[in-house]
1. Quick check on my filter: what residues within the stretch 80-110 are closer than 23 Å to ILE23 by Cβ and either part of a strand (DSSP E or B) or among the aliphatic types (A, V, I, L, M) (or both)?
2. Just checking, which of VAL117, VAL78 is closer than 18 Å to ILE142 by Cα, touching an Asp or Glu at 6+ places or on another chain (Cβ under 8 Å), in contact (Cβ under 8 Å) with a residue 12 or more places away in the chain and surrounded by 16 or more Cβ atoms within 10 Å (Cβ to Cβ)?
3. Just give me the residues in the stretch 111-136 being over 22 Å from VAL94 (Cα atoms) and outside any loop (DSSP other than H, G, I, E, B), in sequence order.
4. So if I check each of ALA112, ALA60, ALA69, which one is in contact with a strand residue (DSSP E or B) (Cβ under 8 Å, 6 or more places away or on another chain) and at pLDDT 90 or above?
5. Consider PHE77 against the criteria (1) at pLDDT 90 or above; (2) part of a loop (DSSP other than H, G, I, E, B); (3) aromatic (Phe, Trp, Tyr): it satisfies all of them except one. Which criterion is unmet?
6. Residues in the stretch 59-71: is at least one within 14 Å of the chain's Cα centre (by Cα) and surrounded by 20 or more Cβ atoms within 10 Å (Cβ to Cβ)?
7. Pairs needed: first member in the stretch 82-106, over 16 Å from ILE59 (Cβ atoms); second member anywhere, among the hydroxyl-bearing types (Ser, Thr, Tyr) and not in a helix (DSSP H, G or I); C-beta distance under 8 Å; at least 6 residues apart or different chains.
8. Exactly one condition in (1) of a type outside the set (Ser, Thr, Tyr); (2) outside any loop (DSSP other than H, G, I, E, B); (3) under 12 Å from the mean Cα position of the chain (by Cα); (4) modelled with pLDDT of 90 or more is false for ALA40; which is it?
Amino acid sequence: MSDAMAFHRNALQLLMNATQIKICGVANANDARACVELGADMIGFNFYPPSPRYIEPTIARGIVDALPARTSAVAVFVDADSAEIRKVAKTAGVRCVQLHGHTTPESCNELAREFRVIRALSTDTQFEPEHTAAFAECDVLIDAYHPELRGGTGQTCDWSAARAAMPASRCVPPTCSIWWTTRAACSGSRTASSVRHA
């Protein structure tokens, strides 16, 4: 194991009791194995075709089936309808879905009867923390706003917006969501900063 991998694994292990780690944008088995070695609780697979990290559901299935029981697979969608979400999740073997875009509270709460639903809300100019209360059956993830990129950007979130949303949404363990790149999972300083604010 490289020094960088060992550093990240040790840093993440120190934080495991208080924070769940989700690494998104995983597109191949080698990256998934590295995430598992780093101690990730959740691994996100991007099923938004325009994304550079998009993965075919059948390829994701092979990776999901090889994950240890302690690591959950998360299917990431942008503006997908319920039928597509069900179809892709079944093909990929995923029981947790993360929904970006304009998915309504009604659709999210309906899907929550079948899946763990993480509703991602962007901190754009229209974001109101109290709007998170509409997603009563879902976990809420506050996502950084980007004018062009969708389905997770890997950018730092507006932490004040995330804190303001906490009283209005379902209480879940804090999650540090990290965007996986081909260079490394993330920088040590960025991970530490994310966890301090989570």
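The values are calculated or read from the model by the stated rules, or taken from the named source; none is laboratory data. Keep in mind that what you see is a predicted model, and the values were worked out from it rather than measured. No Cβ is skipped: glycine too gets one built from the backbone with ideal geometry, and neighbour counts run over all protein chains shown.
1. Hits for the stretch 80-110 are ALA80, ILE85, VAL88, ALA89, ALA92, VAL94, CYS96, VAL97, GLN98, LEU99, HIS100.
2. After ruling out the rest, the residue left standing is VAL117.
3. SER122, PRO129, GLU130, HIS131, THR132, ALA133, ALA134
4. Being in contact with a strand residue (DSSP E or B) (Cβ under 8 Å, 6 or more places away or on another chain) and at pLDDT 90 or above holds for just one of ALA112, ALA60, ALA69, which is ALA60.
5. Against the list (1) at pLDDT 90 or above; (2) part of a loop (DSSP other than H, G, I, E, B); (3) aromatic (Phe, Trp, Tyr), PHE77 comes up short only on (2).
6. no
7. ARG95/SER72; CYS96/SER72; HIS100/TYR48; HIS100/SER122
8. It is condition (2) that ALA40 fails.
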